[in-house]
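First comes the structure, then the notes that go with it.
The values are calculated or read from the model by the stated rules, or taken from the named source; none is laboratory data. Worth saying up front: this structure is predicted, and the values here are computed from it rather than measured. Please note: Cβ atoms are built from the backbone with ideal geometry, for glycine as well, and neighbour counts cover all protein chains shown. Ligands, DNA and RNA are excluded from the accessible area calculation, which covers all protein heavy atoms including side chains. Shrake-Rupley method; radii C 1.70, N 1.55, O 1.52, S 1.80 Å.
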Amino acid sequence: MCGIVGYIGTQTASGILLEGLQKLEYRGYDSAGIAAIWEGEIHRVRAKGKLQNLQEKLANWQIPAPIGIGHTRWATHGKPEEHNAHPHTDVSGRIAVVQNGIIENYRELREELKAKGYVFHSETDTEVIPNLIADELQKLKAIDSKVSLLDATRQAVNQLEGAFALAVISADYPDELIAVRQQAPLSIGFGQGEFFCASDTPAMVAHTRTVLTLENGELARLTPTGVDVYNFAGDRLRKYPKTLNWNPILVEKQGFKHFMLKEIYEQPGVVRACLEAYLDSDWTVESTTSPIRLGLADSFYENLEQVQIVACGTSWHAGLVGKHLLEQLADIPTQVHYASEFRYAPTPLMPHTLTIGVTQSGETADTLSALDMEKRRRSEMGSKFAPKLLGITNRLDSTIGHLVDYLIDTHAGIEIGVAATKTFIAQLVAFYCLALDLAYRRKTIPLDRLDQIVTELRQLPAQIESILEVQERYVEQLAHEFVETQDFIFIGRGINFPIALEGALKLKEISYIHAEGYPAGEMKHGPIALLDAKVPVVAIAMPGLVFEKVLSNAQEAKARDARLIGVTPMDDQEAREVFDDLLPVPEVEELLSPLLTVIPLQFLAYHIAARRGLDVDQPRNLAKSVTVE
Ligand code: G6P
């Protein structure tokens, strides 16, 4: 992951780079640094830890350099120490590079460079790049004294294996900044006499909304007068920037203590926006079209016999709910895979298969690689096996947007908290809409049942609002009691089993408390051995097919002294007989209940982490956009 930024223009670069890095800190926060060119030299400042540490170091930095690059790191190669922080320079200190990605052949390159006398100061893979560029500059200079930084960088990147995005500056080329993209995101921003590059557009929107997203295998030369784009072979390309429709206010905290809390509160609005976008408000059972308008071409619906979903983390949990819906509503056999596993152990090719990639960022390397592999291997087969790829994402402008044939926009708006909340609920709504649309077209459920589900879906935003209103204070108090707890178990069944997994993941991610999610019926096959009075069990008990079963499983836990917390609409008296603590949710059709049951679990994780005084929005070791495999 990591975030990179670059600036060239007439203003002082350092402030602009720092502002940009603030917007990219969600990508990694192990260390940060900037480098700028002033009076023929590269000036560099780096700091271990959060960006704040770099800011403090830069407080008295008085270098008005109009060109520079910056980096916020998520450590892959080398510990999060200052000497491993980017920018990295070549041995002479004349070239500086920031990188997002992994250079897989860095060991061989480093050995070759060492043999030539280059000295290395870090354990990173990145440090080979400035040295390789220096080496290429030297070689090219021997042939032609007018060698450019672009040519040397191009020669260097052609030797790199892996996925990477780079920004490069050199004290010998003070009017050039080179930006490179190969399987890791990078965009160029166009201002008035100033140009930017960044891993993600929020880092630039305060200055420009005119943006060009580089494609894989492209590099750009930014100068104070313009931008030229080339491919790795050196051919100049014609590229046109686009204007972003973006409101910077959306990425502020707006009075909330943390972005995560703000994003939890945004969920009713997100669900509303998604439903407004996709539900046909004029639809009745007499209508002759689908109640869902996803805007997908007719070809999407042709020859669809099965579905495979690839995703990571919270998006994988959304995929599990999606499987339940696609199978139960639309009668389509569906498999869900961890993208990181699927890529190296793909399922045998089956005909007429839809592959869905679910990713809030649209940049997760494992998910993109799995989709790309599926596209390639299917393209080599006959038409029965032709690739059909759908992306469910929050970022249409991201890499997944270029990779797939069909897209569903989840309309969640930008999410800053590393632990996904509103993007998850939006992914769920996308799956409800997809499954209902397919159910209508495949005639797998009666129209009046479809009508009933759509009607209940429309009530969900208000029901989520009621949970938020009722529970905030109560969960905050309850959380207090779990500040010292070391283990948590979450149980659910059927469509709420993925929500148990998601509740456990949220708690792990931000509170660092060990938590496991289980299908409630599996408890007795092992996990029940973990239970005693010190291990609270959160049970999702929603009326429906598996209600009584979950209650029995909860009782089994209680009999082992576990403190039982119920997420349930049961009336108070009845619920008190079973549960020690209640996180009440409105009664709703079981099929729709994940959209409600996940809310108290997000709240619980948030308040426990906040009580423990932890950095909720930037939990240790994590990053929001995982662009390395
Ligand atoms: C990271 C984030 C998670 C997210 C996962 C998948 O691990 O911290 O919150 O669920 O990546 O991300 P994606 O962007 O593909 O949904």
For the range 74-95, does any single residue satisfy the condition of being within 29 Å of the chain's Cα centre (by Cα) and part of a strand (DSSP E or B)?
-> yes
Selection status of residue 448, in contact (Cβ under 8 Å) with a residue 60 or more places away in the chain, among the charged types (D, E, K, R) and open to solvent by 30 Å² or more (accessible area, probe 1.4 Å) = yes
Residue hits (the range 317-327; away from the ligand (no atom under 16 Å from the Cβ), open to solvent by 10 Å² or more (accessible area, probe 1.4 Å) and touching a residue at least 40 places away in the same chain (Cβ under 8 Å)) are 324
Can you spot a residue in the range 340-358 that is buried (at least 17 other Cβ atoms within 10 Å of the Cβ), away from the ligand (no atom under 16 Å from the Cβ) and of a type in the set (Lys, Arg)?
-> no
Taking strands (runs of 3 or more DSSP E) that fall entirely within the range 102-201, which contain at least 3 residues that are of a type in the set (A, V, I, L, M), in the same structural domain as residue 90 (by TED's automatic domain parsing) and touching a residue at least 12 places away in the same chain (Cβ under 8 Å)?
-> 162-170, 173-182
Select from the range 360-376 the residues that are under 24 Å from residue 298 (Cα atoms) and out of contact with any strand residue (DSSP E or B) (no Cβ under 7 Å at 6 or more places or on another chain) and write down the one among them that is least open to solvent (accessible area, probe 1.4 Å).
-> 372
Would you mind telling me which numbered condition in (1) in contact with a helix residue (DSSP H, G or I) (Cβ under 6 Å, 6 or more places away or on another chain); (2) of a type in the set (Gly, Ala, Ser); (3) within 16 Å of the ligand (Cβ to nearest atom) residue 330 fails?
-> (3)
Just to be sure, is residue 601 within 16 Å of the ligand (Cβ to nearest atom), crowded, with 16+ Cβ neighbours inside 10 Å and within 15 Å of residue 541 (Cβ to Cβ)?
-> yes
Working only within the range 294-316, note down all residues that are aromatic (Phe, Trp, Tyr) and within 16 Å of the ligand (Cβ to nearest atom).
-> 316
When only residues in the range 140-158 that are of a type in the set (A, V, I, L, M) and farther than 14 Å from residue 221 by Cβ count, which is most open to solvent (accessible area, probe 1.4 Å)?
-> 143
Inspect all residues belonging to the range 277-293 and state whether any of them is surrounded by 21 or more Cβ atoms within 10 Å (Cβ to Cβ), in contact (Cβ under 8 Å) with a residue 40 or more places away in the chain and either within 16 Å of the ligand (Cβ to nearest atom) or among the aromatic types (Phe, Trp, Tyr) (or both).
-> yes
Could you grab me the full set of residues in the range 473-504 that are surrounded by fewer than 24 Cβ atoms within 10 Å (Cβ to Cβ) and either touching a Ser or Thr at 6+ places or on another chain (Cβ under 7 Å) or among the polar types (S, T, N, Q) (or both)?
-> 477, 485, 486
Please indicate, with yes or no, whether at least one residue in the range 32-46 is part of a helix (DSSP H, G or I), assigned by TED's automatic domain parsing to the domain that holds residue 132, surrounded by 16 or more Cβ atoms within 10 Å (Cβ to Cβ) and over 23 Å from the mean Cα position of the chain (by Cα).
-> no
Restricted to the range 518-550, and to residues that are open to solvent by less than 10 Å² (accessible area, probe 1.4 Å) and modelled with pLDDT under 90, which residue is nearest to the chain's Cα centre (by Cα)?
-> 520
Only one of 615, 571 is free of Cβ contacts under 8 Å to residues at least 12 places away in the same chain, surrounded by fewer than 18 Cβ atoms within 10 Å (Cβ to Cβ) and within 32 Å of the chain's Cα centre (by Cα); which?
-> 615
If you take the residues of the range 215-229 that are free of Cβ contacts under 8 Å to residues at least 40 places away in the same chain and within 27 Å of the chain's Cα centre (by Cα), which of them is nearest to residue 10 (Cα to Cα)?
-> 218
